[in-house]
Amino acid sequence: MDPVRNPYAPGAGQRPPELAGRGKQLDAFDVVCERIARGRPERSVMLTGLRGVGKTVLLNQLRSAAGARGWGTGKIEARPDQELRRPLSSALHMAARAIAKTHSNSERVDDFLGILKAFALRATADKGMRERWQPGIDVPAVTGRADSGDIEIDLVELLTEAAGLAADIGVGIAIFIDEMQDLAPVDISAICGACHELSQDAAPLIVVGAGLPHLPAVLSASKSYSERLFSYHRIDRLDRESADLALIAPAEREEVKFSDEALAALYRKADGYPYFVQAYGKATWDQAPGSPITAEDVEVAAPTAEEELAVGFFGSRYERATPAEREYMRAMADLSGDEGPVATAAVATELGRKPASLSPARDGLIKKGLIYSAERGTIGFTVPHFGRYLRSVTT
């Protein structure tokens, strides 16, 4: 069929043509926003799951929902080598600019921007970088608020001021943080502390984070009360009905149908993971001669989809690992079987090594986002079917 009309869109954070199976999370977020609009206390939100399940897509959709309500929003992607101040300053600046369009008191807005600028400049003041980076805020910095240099103190003061600005006009602010598990421990602690203060005051500002399955453990290690501080949503594979909808709805808009057998075959191949659904859907569309798409078309197209996944989704990650890290992952793959987490002690036994000697490889893989610590003493792949991929390409 015509590849130009192909509706499927496998890509990192790329919104699929049909956002299926996420109604529960979208409805829950609407409740959060409505409660905040009515002055009710509400918890910030955390999305967790493996790579390829659509966390970033859902995060972006929630941001759009907040923006449609007239909220100020900003988004950052956390990186292990970057402190929080600079990207958060940019995100809050974006949120404040959205609010400023309808705020009647320009002096009030400028006062907040001055506080924000002072907060931002602390990111460079201690490192001699003031002349090389400016936050792009065209008002003088206001000293004495959110500029102590202690990120936990400063973040509470800054977000309290931001919430007050939003409350002036009856809206809220939502800050979206992707890859949240990559924030430094001191920044995680500061966010938890600030969210705690804001929720106690029913302030109209929330943080919406997304991260790997161990994000709740990262938050809990920072603040013991984080288990009660956030509303957690585990984002997983799609059920059969939702996966079918993700395929059928875009095709119907192009007047194309799938046979029931084709849909069953696609679900077996993709295993319900949204990224895989898009990848197999795209390859099958390109290979199919016409409508309806059949199970035979799926089988013909599957090697193409799998080759693309092997290069772009699996292989690019495997290439980032050192030889010692690859050896560690191969042992994990041999042990994982159904792709579940495995015991670190079992990996050591498989390799005939002492557990302590494998710590550098394990820690390196965690820092690279290839594995995560599922529970104490266990580790798992962050990418679904990564073990299967390793077993297919290594001996």
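The values are calculated or read from the model by the stated rules, or taken from the named source; none is laboratory data. For clarity, every value in this text was computed on a predicted model and none was experimentally measured. Neighbour counts run over all protein chains shown; Cβ positions are idealised from the backbone, glycine included. Ligands, DNA and RNA are excluded from the accessible area calculation, which covers all protein heavy atoms including side chains. Shrake-Rupley method; radii C 1.70, N 1.55, O 1.52, S 1.80 Å.
Some notes on this structure:
- Residue match in the range 114-134 (condition: outside any loop (DSSP other than H, G, I, E, B), modelled with pLDDT under 95 and of a type in the set (F, W, Y)): yes
- Counting residues in the range 172-181 that are assigned to a loop (DSSP other than H, G, I, E, B), small (G, A, S) and modelled with pLDDT of 95 or more gives one or more.
- Some residue of the range 86-93 being small (G, A, S) and not in a helix (DSSP H, G or I): no
- Residue that is farther than 21 Å from A28 by Cα and not in a loop (DSSP other than H, G, I, E, B), where the choices are A146, A162: A162
- Of all residues making up the range 247-274, the number that are in contact with a helix residue (DSSP H, G or I) (Cβ under 8 Å, 6 or more places away or on another chain) and among the hydroxyl-bearing types (S, T, Y): 2
- In the range 352-371 there is at least one residue matching the filter, namely being open to solvent by less than 50 Å² (accessible area, probe 1.4 Å), of a type outside the set (K, R) and over 28 Å from the mean Cα position of the chain (by Cα).
- Residues (in contact with a helix residue (DSSP H, G or I) (Cβ under 6 Å, 6 or more places away or on another chain), over 17 Å from S89 (Cα atoms) and either assigned to a helix (DSSP H, G or I) or open to solvent by less than 10 Å² (accessible area, probe 1.4 Å) (or both)) located in the range 199-225: A210, G211, L212, L215, V218, L219, S220, S222
- Residue ID - nearest to R40 (Cα to Cα), chosen from residues in the range 142-194 that are touching a Phe, Trp or Tyr at 6+ places or on another chain (Cβ under 9 Å) and open to solvent by 10 Å² or more (accessible area, probe 1.4 Å): V171
- Scanning the range 76-90 for residues that are surrounded by fewer than 20 Cβ atoms within 10 Å (Cβ to Cβ) and in contact (Cβ under 8 Å) with a residue 24 or more places away in the chain yields E77, R79, P80, E83, R86, S90.
- Helices (runs of 4 or more DSSP H) within the range 310-395 that include 1 or more residues among the basic types (K, R): 323-336, 359-367, 386-393
- Hits in the range 46-84 - residues which are of a type in the set (K, R) and farther than 13 Å from I177 by Cα: R51, R69
- Members of the range 277-310 that are of a type in the set (S, T, Y) and buried (at least 18 other Cβ atoms within 10 Å of the Cβ): Y280, T284, T294
- Residue check, E252 without any contact (Cβ under 8 Å) to a residue 12 or more places away in the chain, surrounded by fewer than 19 Cβ atoms within 10 Å (Cβ to Cβ) and within 19 Å of D2 (Cα to Cα): yes
- Residue match in the range 62-75 (condition: assigned to a loop (DSSP other than H, G, I, E, B), within 30 Å of R145 (Cβ to Cβ) and out of contact with any strand residue (DSSP E or B) (no Cβ under 9 Å at 6 or more places or on another chain)): yes
- The residues of the range 147-202 that are polar (S, T, N, Q) and touching a residue at least 40 places away in the same chain (Cβ under 8 Å), listed by number, are T160, Q181, S199, Q200.
- Output for the range 245-277, where each listed residue is assigned to a loop (DSSP other than H, G, I, E, B) and more than 29 Å from the chain's Cα centre (by Cα): E254, E255, V256, K257, S259
- Failed item in (1) closer than 30 Å to A96 by Cβ; (2) outside any helix (DSSP H, G or I); (3) open to solvent by less than 40 Å² (accessible area, probe 1.4 Å), with L238 passing the rest: (1)
- Residues of the range 1-16 classified as buried (at least 19 other Cβ atoms within 10 Å of the Cβ), more than 14 Å from I293 (Cβ to Cβ) and more than 21 Å from the chain's Cα centre (by Cα), total: 0
- Qualifying residue in the range 383-393 (condition: in contact with a helix residue (DSSP H, G or I) (Cβ under 7 Å, 6 or more places away or on another chain), open to solvent by 70 Å² or more (accessible area, probe 1.4 Å) and closer than 27 Å to L219 by Cβ): no
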